[in-house]
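Remarks on the structure that follows.
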Amino acid sequence: MRVKARWLQHVFRYAACVIAAEFVAQVYRLIFHVNPTTVALTFLVMVLWVAAYWGFRFSVFLAVVATLAFNYYFLPPVGTFTVADPQNWVALVAFLATAGIASQLADRARRQTADAVQRRRDVERLYAFSQRLLATDNLAELLNAIPAYVRDGFGGKAAAVYLLSSQQVYRTDPMATWFPVHDLQLVSSRGEPIIDHDRGVSLTPLHLGTRTTGAVAIAGPTLSRATLEALGSMIGIAIERAGAMEKLSQTEAAHQSETLRSVLLDSVTHELRTPLTGIKAAVTGLLSDYNLDEAQRRELLTVINEETDRLDRLVGEATEMAQLDAHKVELHMAPVDIATVIESAVEQSRPILGQHSIELRIPPDLPKVRVDADRIAEVLKQLLENASKYSPSTAPITITTESKNNHVVTSVTDHGPGIDEFEQSLIFDKFYRGRDQRYRVQGTGMGLAIAKAIVEAHSGSISVTSQLGHGSVFSFVLPSA
């Protein structure tokens, strides 16, 4: 079908050359009476145009037809192909030579322009393709996406990538039969591109320096050898880069995991040792041979009771954190008024607030939120406890709520030392405690992590805004009911 269409196009162009030459000759002969020089120049312009847009073969054909028309209609004796004057022979030969040379030059310029346009288009496609290759560092995701990138970026019908290391082929269409595995393996072993014009398929090896790592194939457009080689090098480098980044990420993750285990061990050891030390000292005192009065015995028993409660709380926080991480916490969701939850949390937090005054700024017309009231109260208690720990003993604590874009935003503002920008991105991580506060203020570093997990389980988010020396604002956002 394609050959037939091309043949019809050639016939049309040859016929058009004959008709155009005859038309010009008749116009100049019957309508505009001009000298032979004007006629020759007109024919020459036509030859140049055909050479520039249709190619050399059609321009040479037109040059011959124009020479015959020029001789027949404008050189005496008119109406015959006989040339009486020797000078006219010179003119005919000069015209034909000029037309041939000019058409060759025009055709060369046309081909060079077409090549330059094609190279520019290929460079633009390769640049856009390279940008897409850098969009991900996940090796598996990249390998599955590359065939589609190649097909879409270069206007192909289908594409495939073959890796020598895994002997695996990644295709745009798993059912397509454009690229047999044997052809991809052949290109990989030979290390040279193959362009099959009959099938409309181009294959090129993936190069990483001098090493061949696989092959890529595209069906549809015919790409230049230089473009194919650049494409193979880009894909080879991108795959190697993604693999290296993945290994680096795994190494970094292992290092961070080891660091986290160390921090956890240090934190848990410190927090468990403190109440155990108090319990041990109190029990030793009770078991001693010293005669203790009732007040002293009660004081030691009170120490044991308080430190046991503290141990129980530490174990409870660790258990809750593990359950939240495993998504094993059941939420009892119901539409509630956030003001009721805030008042309940403030009342339950009275023992730890000490001399801090609480200022509530709650608008009366807030929409309800669909939450587990006990869990959200736990979040507020954690934020109030933090504000109490890190603020001066008599500094006020402010709780503010507002409705914003179908969400309810609740904020707890303290007047503590503030948190620097670097630590603001870390304080919601498990077991992280402020660098300047970790030994001055008791805690496990799990409170804010638990608060974050609870809020996110409600499809919300939690954040902090802080300024050193001026305090912090912890805010969590919950969707309206």
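Which of the following residues is buried (at least 16 other Cβ atoms within 10 Å of the Cβ) and under 30 Å from residue 58 (Cβ atoms): 103, 188?
Answer to the selection: 103.
May I ask you to verify whether residue 407 is within 30 Å of residue 330 (Cβ to Cβ), at pLDDT 85 or above and surrounded by 13 or more Cβ atoms within 10 Å (Cβ to Cβ)?
Here the answer is yes, as residue 407 does meet what is asked.
Which one of the conditions (1) within 15 Å of residue 221 (Cβ to Cβ); (2) out of contact with any Leu (no Cβ under 9 Å at 6 or more places or on another chain); (3) open to solvent by less than 60 Å² (accessible area, probe 1.4 Å) does residue 121 fail to meet, given that it meets all the rest?
(3)
Answer with yes or no whether residue 163 is touching a helix residue (DSSP H, G or I) at 6+ places or on another chain (Cβ under 9 Å), open to solvent by less than 20 Å² (accessible area, probe 1.4 Å) and modelled with pLDDT under 85.
No; evaluated as a whole, the condition is false for this residue.
Just checking, does the range 4-27 include any residue being under 60 Å from the mean Cα position of the chain (by Cα) and assigned to a loop (DSSP other than H, G, I, E, B)?
no
Among 84, 91, which is the only one that is touching a Pro at 6+ places or on another chain (Cβ under 8 Å), modelled with pLDDT under 75 and part of a loop (DSSP other than H, G, I, E, B)? Even if it seems obvious, please write down each step before you answer.
Numbers: 91 fails: part of a loop (DSSP other than H, G, I, E, B).
Of the residues listed, the single one that is touching a Pro at 6+ places or on another chain (Cβ under 8 Å), modelled with pLDDT under 75 and part of a loop (DSSP other than H, G, I, E, B) is 84.
Residue pairs, Cβ under 6 Å, 6 or more apart or interchain, first in the range 135-147 and open to solvent by 40 Å² or more (accessible area, probe 1.4 Å), second modelled with pLDDT under 85. List them.
So the pair list comes out as 137/242; 137/245; 139/242; 139/243; 139/246.
Give 402, 347, 359, 378 a once-over and let me know the one that is assigned to a helix (DSSP H, G or I) and surrounded by fewer than 16 Cβ atoms within 10 Å (Cβ to Cβ).
Going through 402, 347, 359, 378 in turn, the sole match is 347.
If we keep just the residues of the range 381-399 that are polar (S, T, N, Q) and under 16 Å from residue 476 (Cα atoms), which is surrounded by the fewest Cβ atoms within 10 Å (Cβ to Cβ)?
398
If residue 169 satisfies every condition in (1) open to solvent by 30 Å² or more (accessible area, probe 1.4 Å); (2) assigned to a loop (DSSP other than H, G, I, E, B) but one, which is the exception?
Going through the list (1) open to solvent by 30 Å² or more (accessible area, probe 1.4 Å); (2) assigned to a loop (DSSP other than H, G, I, E, B), residue 169 breaks only (2).
Of the residues 272, 264, 324, 260, which single one is in a helix (DSSP H, G or I), open to solvent by less than 80 Å² (accessible area, probe 1.4 Å), at pLDDT below 75 and under 30 Å from residue 480 (Cα atoms)?
Of 272, 264, 324, 260, the one residue that is in a helix (DSSP H, G or I), open to solvent by less than 80 Å² (accessible area, probe 1.4 Å), at pLDDT below 75 and under 30 Å from residue 480 (Cα atoms) is 324.
Filter the range 7-37 for residues that are surrounded by 13 or more Cβ atoms within 10 Å (Cβ to Cβ) and hydroxyl-bearing (Ser, Thr, Tyr); which is farthest from residue 62 (Cα to Cα)?
Among residues in the range 7-37 that are surrounded by 13 or more Cβ atoms within 10 Å (Cβ to Cβ) and hydroxyl-bearing (Ser, Thr, Tyr), the one farthest from residue 62 (Cα to Cα) is 28.
Using beta carbons and a limit of 6 Å, which pairs, at least six apart or on different chains, have the first residue in the range 44-66 and within 14 Å of residue 96 (Cα to Cα) and the second one among the aromatic types (Phe, Trp, Tyr) and modelled with pLDDT of 80 or more?
That search, which allows pairs on different chains as well, returns 66/43.
Looking for something farther than 25 Å from residue 114 by Cα, open to solvent by 60 Å² or more (accessible area, probe 1.4 Å), part of a strand (DSSP E or B) and not β-branched (Val, Ile, Thr) - is there at least one such residue anywhere in the range 149-160?
No, every residue in the range 149-160 fails to be farther than 25 Å from residue 114 by Cα, open to solvent by 60 Å² or more (accessible area, probe 1.4 Å), part of a strand (DSSP E or B) and not β-branched (Val, Ile, Thr).
Give the residue that is modelled with the lowest pLDDT, with candidates limited to residues of the range 169-228 that are of a type in the set (Phe, Trp, Tyr) and within 20 Å of residue 142 (Cβ to Cβ).
Looking at residues that are of a type in the set (Phe, Trp, Tyr) and within 20 Å of residue 142 (Cβ to Cβ), I get 179.
Quick check on this structure: which one of 103, 130 is part of a helix (DSSP H, G or I), modelled with pLDDT of 75 or more and on the phi < 0 side of the Ramachandran plot?
Sole residue among the options that is part of a helix (DSSP H, G or I), modelled with pLDDT of 75 or more and on the phi < 0 side of the Ramachandran plot: 130.
The values are calculated or read from the model by the stated rules, or taken from the named source; none is laboratory data. The structure presented is a predicted model; accordingly, all values stated were derived computationally and were not measured. Reconstructed Cβ throughout: ideal geometry from the backbone, glycine too, with neighbour counts over all protein chains shown. Heads up: the accessible areas ignore ligands, DNA and RNA and are worked out on the full protein's heavy atoms, side chains in. Shrake-Rupley method; radii C 1.70, N 1.55, O 1.52, S 1.80 Å.
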